[in-house]
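Asker: Before I ask anything, let me first share the structure, which is written out below as structure tokens.
The values are calculated or read from the model by the stated rules, or taken from the named source; none is laboratory data. Given the structure is predicted, the values throughout are model-derived calculations rather than measurements. Reconstructed Cβ throughout: ideal geometry from the backbone, glycine too, with neighbour counts over all protein chains shown.
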Amino acid sequence: MVDIHKSANIGTNLKIDAFSSIHKNVTIGNNCWIGSNVTIYPGARIGSNCQIFPGAVISAIPQDLKFKGEETITIIGDNSIIRECVTINRGTSYSNKTIIGSNCFLMAYSHVAHDCIIKDNVIIANGVAIAGHVEIDNNAIIGGLSAIQQFAKIGKFSMVSGGSLVRKDVPPYIKVAKEPLRFIGINKIGLERNNFNKKQIATISSMCRILFQEGNNISKAIEIIENNTKNCTEKKEIINFIKNSKTGIIKGFY
């Protein structure tokens with residue numbers, strides 16, 4: 001038995017297994033598979049070619065005492081995989097939406113809270129707990145059993161080690177581990193897999209050395225990078241990320 005509300009907007013070539021429930025005000029794209037015992041609550045906007053495994057709960061109301069029942073949504077892009085017992089809460093009046101991008105992979109028992117923005121090609125491993133208002137940029141990888149504090153930002157192509165406690169922002173292109181969380185190197189393998197060339201990787205490595213390994217404070221490191229590094233996309237990404245950080249960035253390796 002499958003319970004689909006008559007007002008739900010369901011695409012073509014959809015396979016929904018037994019005992020799943022799809023509520024009103026839900027949109028699901030084409031060619032999706034919804035496993036058994038999945039609950040999709042009002043406000044879900046799910047793209048095409050998605051797979052949602054048994055026990056997942058999508059677009060439940062936020063775990064936020066300030067939530068007053070306002071109509072908000074959860075957006076999941078195309079080609080994303082949501083594994084067993086993942087929970088994704090919809091937004092609050094803060095932004096009205098929680099966003100999961102396209103081509104994302106959320107592994108079993110991970111949790112994405114209200115008003116988060118998870119961009120494209122992000123991998124979130126088993127048991128990761130993501131608090132409200134977190135932003136994770138494209139192609140980041142979050143190791144299993146990590147916990148990410150409210151309003152934290154994680155940069156693109158970064159990698160967070162399993163079991164990490166993320167209390168500060170994590171700039172793009174780097175790997176972080178240890179407690180307290182700190183820089184342990186650039187994400188070289190991840191960059192190579194995503195077609196960064198040797199010159200780009202060397203530039204990133206040089207900037208991170210100035211930021212995290214030479215004992216400079218952040219203001220001094222930014223000044224050195226701005227004055228001594230040729231303009232490029234990677235320089236702009238790192239500088240803008242740090243300048244826009246509200247909670248501060250993770251520690252260096254010195």
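Asker: Please go through region 80-97 and give me each residue that is over 14 Å from the mean Cα position of the chain (by Cα) and closer than 15 Å to Cys50 by Cα, ordered by number.
Answerer: Arg83, Glu84 - these are the residues of region 80-97 that are over 14 Å from the mean Cα position of the chain (by Cα) and closer than 15 Å to Cys50 by Cα.
Asker: How many residues does region 148-205 contain that are touching a Ser or Thr at 6+ places or on another chain (Cβ under 7 Å) and either at pLDDT below 95 or in a helix (DSSP H, G or I) (or both)?
Answerer: Summing the residues that are touching a Ser or Thr at 6+ places or on another chain (Cβ under 7 Å) and either at pLDDT below 95 or in a helix (DSSP H, G or I) (or both) in region 148-205 gives 1.
Asker: What are the residues in region 56-79 that are more than 14 Å from the chain's Cα centre (by Cα), of a type in the set (S, T, N, Q) and within 15 Å of Thr27 (Cβ to Cβ), if any? Walk me through how you get there before you give the answer.
Answerer: Keep residues of region 56-79 that are more than 14 Å from the chain's Cα centre (by Cα), which gives 56-73, 78-79.
This time we only want the ones that are of a type in the set (S, T, N, Q), so: 59, 63, 72, 79.
Ser59, Thr72 - these are the residues of region 56-79 that are more than 14 Å from the chain's Cα centre (by Cα), of a type in the set (S, T, N, Q) and within 15 Å of Thr27 (Cβ to Cβ).
Asker: Output the residues belonging to region 1-24 that are farther than 20 Å from Ser80 by Cβ, assigned to a loop (DSSP other than H, G, I, E, B) and not aliphatic (A, V, I, L, M).
Answerer: His5, Lys6, Ser7, Phe19, Lys24
Asker: May I pose another question? In a loop (DSSP other than H, G, I, E, B) and more than 18 Å from Pro62 (Cβ to Cβ) - does that describe any residue in region 110-118? Walk me through how you get there before you give the answer.
Answerer: The first filter runs over region 110-118 and keeps only residues in a loop (DSSP other than H, G, I, E, B), leaving 110, 113-116.
Still in the list and also more than 18 Å from Pro62 (Cβ to Cβ): none.
No: region 110-118 contains no residue that is in a loop (DSSP other than H, G, I, E, B) and more than 18 Å from Pro62 (Cβ to Cβ).
Asker: Right, another one. Cβ-Cβ below 6 Å, separation at least six or inter-chain, first residue in region 83-101 and of a type in the set (Asp, Glu), second surrounded by fewer than 21 Cβ atoms within 10 Å (Cβ to Cβ): which pairs?
Answerer: Partner pairs satisfying both residue conditions: Glu84/Pro54; Glu84/Gly55; Glu84/Ala108.
Asker: Same structure, new question: Note down all Cβ pairs under 7 Å where the first residue falls in region 202-220 and is free of Cβ contacts under 8 Å to residues at least 24 places away in the same chain, the second is in a helix (DSSP H, G or I) and of a type outside the set (Asp, Glu), and they're at least six residues apart or on different chains.
Answerer: Pairs that qualify, where the first residue is free of Cβ contacts under 8 Å to residues at least 24 places away in the same chain and the partner is in a helix (DSSP H, G or I) and of a type outside the set (Asp, Glu), are Ile210/Ala221; Ile210/Ile224; Ile210/Ile225; Asn216/Ile210; Asn216/Ile224.
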